Every structure is written in structure tokens, then in C-alpha cells.
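Presented below is the structure to which this report refers.
The values are calculated or read from the model by the stated rules, or taken from the named source; none is laboratory data. Keep in mind it's a predicted model, so treat the numbers as computed, not measured. Every residue, glycine among them, receives a Cβ derived from its backbone with ideal geometry; neighbour counts consider all protein chains shown.
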Amino acid sequence: MSSSITLYCRPGYEKECGAEIQDRAASIDIFGYFTFDKNQGLVTFNVYQADDAERVIQKVRLSSLVFTRQWFVTLASQVALPDYNRVEAIIEALGSEWQYADLRMEMPDTNEGKELSKFCRKLAVPLRQAMRQHNMLTKKGDTDGAILHAYFHSGKEVTLGYSYANNSSEHAMGIMRLKFPNQSPSRSTLKLDEAFLTFVEKDERDTRVTSGMKAVDLGASPGGWTYQLVRRGMMVSSVDNGPMAESLMETGQVKHFQMDGYKFTPNKPQIHWLEKKLSNGQMVPVPDQTPIDWMVCDIIDKPQRSAKLIIDWMQKGWCRECIVNLKLPMSKKFETIKELLAKIREEIGDFCKVQAKHLYYDRDEITVHVRYVVKRENNR
Ligand SMILES: C[S@@+](CC[C@H](N)C(=O)[O-])C[C@H]1O[C@@H](n2cnc3c(N)ncnc32)[C@H](O)[C@@H]1O
């Protein structure tokens, strides 16, 4: 018997999402093929054995997939919903032998999907009640259990499935919705905000992204990213030939460098390197003190150039962590990104952790985060 995984991605990126899960599953000897609804941000990865879908979501970390926002093992695909008794139809399709810790009502990330959200909100109340009656919901506060996803293609059709709370996005549809800060000079600001919230664990934000730190923002004009750094109390070197917003310059936290970001070097780049031992016994170089805490880069250029920038900065020990956008070329997006991430990991993977995600506020670009894996003694 076959099985499948349902995956969400940015509408228009279904092929990349499908190619990536196919590739990752193949790396653990699970083979399959994908189908997708064009521009709906929905991909189905079909595998041949009944437990293959479960094995994939057990063995692959969602956070390691670049193009997938959310995923679940499909339980019932495209269940037809009658005009009345929709709840009963859903309960019947689910069967009542399993229990779930939570229910997520989801829909396409499209304009039509937005219209469905009211319908879903209304239906959620009786559906939850019915699940409770059938003893299908675990006690409140069960954070390890399975999450039931109900993905409404329309008001007439739903796909049902489950994910595990410890390996899925905590956000409905895998989308972190952020409020645009009116004081920011550009909408790009949300990309960096989302990147910090995605890549820096909640309990480490106070120490890793905090006031008094030094940051460099490459390709900074007009200042949406610099705004996020300033907001977090950092002192920022903003590099761009274009102008920076007056409001940011007035904070006294920003120094504007009108020059090529790829040529910018921080002051005092002499680094004292320490040898650190990884848990596997391997010795790796780690800078004792970096001149810069955070380097961020939103320059629109070839992704190969920005990937090289990451490698250079980390090899030279110029910053502790970086967030860099790689703009996606028009074709072969997945292959290019796979190649570039492999190159970055090959060059600095022994002493750096490399993560990448196509964030909700990213457009035709992905965001890469890199940090040294071994903590410094006096890690802030
Ligand atoms: C997408 S915009 C950056 C927007 C900015 N992150 C914000 O939030 O307001 C890209 C910027 O990169 C700048 N740029 C392009 N090539 C550059 C280079 N080689 N060095 C520095 N800046 C560059 C452009 O002038 C442009 O302002």
C-alpha cells in the first residue's frame, strides 16, 4: 500500500519543494514521486510503502528543508464535503482510533485561500466539539502529540493528515505572521525579523541578539534591516551607495559607509583563533572574539557571490553569526541552492552550523543563517 506526505510551500515554488523532499527522502533510501497544484503552494510526495511517509517525517527534520513551510502525513486525500454535515464527513474520514493534541484548519496561501479562512474559523468550533465527543483530542497541554491538519482546498474538499509537534511548524500553514513596523523605511524589514525569530531559539535570543552588539548590514539602503538591528539596540555599520533613512541616522546607532558591500572589512580584523574540540573529538578553529556580532546582507547579486561572502566572513572570523539572502536565479533554483549550500558546508561546515529557509517574507530568495558550532568560553 502506498502513502504520501502533503507539503506547503510558497505558491510558485511547488517544483522546488517537491524536488527537495524527493532528494532528501532518496538520501534515506525512500523513493517516490511528487505531484502538485500549480501556484497553490501545495505538493504531494507519494511513496510506495505504507510506512514510508511516516519514516520520512521521523527521519528528516522540517527545519532542514529549505522550501517546505509545513508538512503532514496524509490520512485522507481530497475528501468531498457535503453542503450539510461536513463535520460528520470529516470525522468519518478520520475514523476515531487516533487522538490528536491539536487541530489546525488550513487553506491555500492564495487570495482564494484568504476567502476560505472565515469558513474554516466557523467550522473549527463544531469540528473540535465533535472530536472531543469522539475522544479524539488529548488533554490540553499535550505538547508532544500528533497535530491534525485539515487542509481545505475549497469549501467542498478537504485533505486530512497528521504531523508531530516536535517536527513541524508551530504556525498555522507554516506561516509566521509579523506586524509591519510603521517606523521602518522598507517592507524588507520583516525578512530579517522573521529570520531572527526562525534561526535563533527563543531561549537564546536575549544573549545572541541583544543590545550593545555590533552589526554590519551590507546592501542596507533604505534601512529596513538596519531598523531591526537598531530596534534590538545594536550599533550598526550600514553599507550601501544608496541613502539611509534619516530617522535611522538620527538614532546615533548607525554609521553609513558608501561603498561596495563585498569589499567592506570590519575594523581590527586580527582574530585570535582557538582550537575547540567537537563532541566527536575533532579539533576545529573558532574565533575567540570577533570584531562583529552579526553580519547581515540583502544585496541583490548572484547567489554565488553572496555564498562566497558567507564563507569568507566565517573563515576569517569576522562575525559570530550571519544572515544572508541568496537571490534565486530564474531557473534551476533547487539545484543551484543545493549546490551552494553544499559548497558552504564543505568550506565551513566543520566549525559552523548552516541553516537555510525560504521564509514567508522572502520572495525570490532564500535566507541563510550561519554560526560557529562551538561556543566560546565567554559566549554572550
Ligand atoms: C533589496 S535592497 C536592500 C533593502 C534593505 N535590506 C532594506 O531592508 O531596506 C538591496 C540594496 O543592495 C544595494 N547594493 C547592490 N549591490 C551592492 C553592493 N555591491 N554593495 C553594497 N550595496 C549594494 C542596493 O543599492 C540596494 O539598496
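Name the residue, out of V125, V87, that is more than 30 Å from G223 (Cβ to Cβ), free of Cβ contacts under 8 Å to residues at least 24 places away in the same chain and of a type in the set (V, I, T).
Matching residue, one of V125, V87: V125.
Could you check, for the stretch 189-202, whether at least one of its residues is surrounded by 14 or more Cβ atoms within 10 Å (Cβ to Cβ), touching a strand residue (DSSP E or B) at 6+ places or on another chain (Cβ under 8 Å) and hydroxyl-bearing (S, T, Y)?
Looking through the stretch 189-202, at least one residue is surrounded by 14 or more Cβ atoms within 10 Å (Cβ to Cβ), touching a strand residue (DSSP E or B) at 6+ places or on another chain (Cβ under 8 Å) and hydroxyl-bearing (S, T, Y).
Are there any pairs, at least 6 apart or on different chains, whose C-beta atoms fall under 7 Å, with the first in the stretch 252-272 and not assigned by TED's automatic domain parsing to the domain that holds M213 and the second of a type in the set (S, T, Y) and at pLDDT 95 or above, and if so, which?
Nothing qualifies.
Name the one entry in V87, V73, V43, V79 that is under 30 Å from K140 (Cβ atoms), under 24 Å from the mean Cα position of the chain (by Cα) and not polar (S, T, N, Q). Reasoning before the result, please.
Details: V87 fails: under 24 Å from the mean Cα position of the chain (by Cα); V43 fails: under 30 Å from K140 (Cβ atoms); V79 fails: under 24 Å from the mean Cα position of the chain (by Cα).
Step by step, each of V87, V73, V43, V79 is checked, and only V73 is under 30 Å from K140 (Cβ atoms), under 24 Å from the mean Cα position of the chain (by Cα) and not polar (S, T, N, Q).
Tally time: how many residues in the stretch 302-320 are surrounded by 15 or more Cβ atoms within 10 Å (Cβ to Cβ) and assigned to a loop (DSSP other than H, G, I, E, B)? Give the steps one after another, and end with the answer.
The initial filter retains those residues of the stretch 302-320 that are surrounded by 15 or more Cβ atoms within 10 Å (Cβ to Cβ), namely 303, 306-311, 313-314, 316-320.
If we keep only those that are assigned to a loop (DSSP other than H, G, I, E, B) too, we end up with 317-318.
Total meeting the criteria: 2.
Only one of G174, G219, G212, G161 is of a type outside the set (A, V, I, L, M) and within 16 Å of the ligand (Cβ to nearest atom); which? Reasoning before the result, please.
Working: G174 fails: within 16 Å of the ligand (Cβ to nearest atom); G212 fails: within 16 Å of the ligand (Cβ to nearest atom); G161 fails: within 16 Å of the ligand (Cβ to nearest atom).
Just a single option satisfies the conditions, and that option is G219.
Can you pull out every residue in the stretch 191-226 that is over 26 Å from P266 (Cα atoms) and in contact (Cβ under 8 Å) with a residue 24 or more places away in the chain?
Listed by number, the list holds a single entry, T198.
Go through (1) within 16 Å of the ligand (Cβ to nearest atom); (2) not assigned by TED's automatic domain parsing to the domain that holds T367 and name the single condition D193 misses.
Here D193 meets the rest and fails (2).
Consider the stretch 89-107. How many of its residues are modelled with pLDDT under 95 and touching a Pro at 6+ places or on another chain (Cβ under 9 Å)?
Going through the stretch 89-107 one residue at a time, the tally reaches 0.
Restricting to the stretch 222-241, count the residues that are touching a strand residue (DSSP E or B) at 6+ places or on another chain (Cβ under 6 Å), over 16 Å from F180 (Cβ atoms) and within 6 Å of the ligand (Cβ to nearest atom).
1
Mind checking whether some residue in the stretch 300-318 is within 16 Å of the ligand (Cβ to nearest atom), hydroxyl-bearing (S, T, Y) and assigned by TED's automatic domain parsing to the domain that holds S221?
Yes, the stretch 300-318 contains at least one residue that is within 16 Å of the ligand (Cβ to nearest atom), hydroxyl-bearing (S, T, Y) and assigned by TED's automatic domain parsing to the domain that holds S221.
List pairs: first in the stretch 1-29 and over 15 Å from D109 (Cα atoms), second among the small types (G, A, S) and crowded, with 24+ Cβ neighbours inside 10 Å, Cβ under 7 Å, 6+ apart or cross-chain?
S3/A53; S4/A53; I5/A53
Conditions (1) β-branched (V, I, T); (2) without any contact (Cβ under 8 Å) to a residue 24 or more places away in the chain, marked per residue:
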{"position": "G317", "(1), (2)": "no, no"}
{"position": "S331", "(1), (2)": "no, yes"}
{"position": "V368", "(1), (2)": "yes, no"}
{"position": "V373", "(1), (2)": "yes, no"}
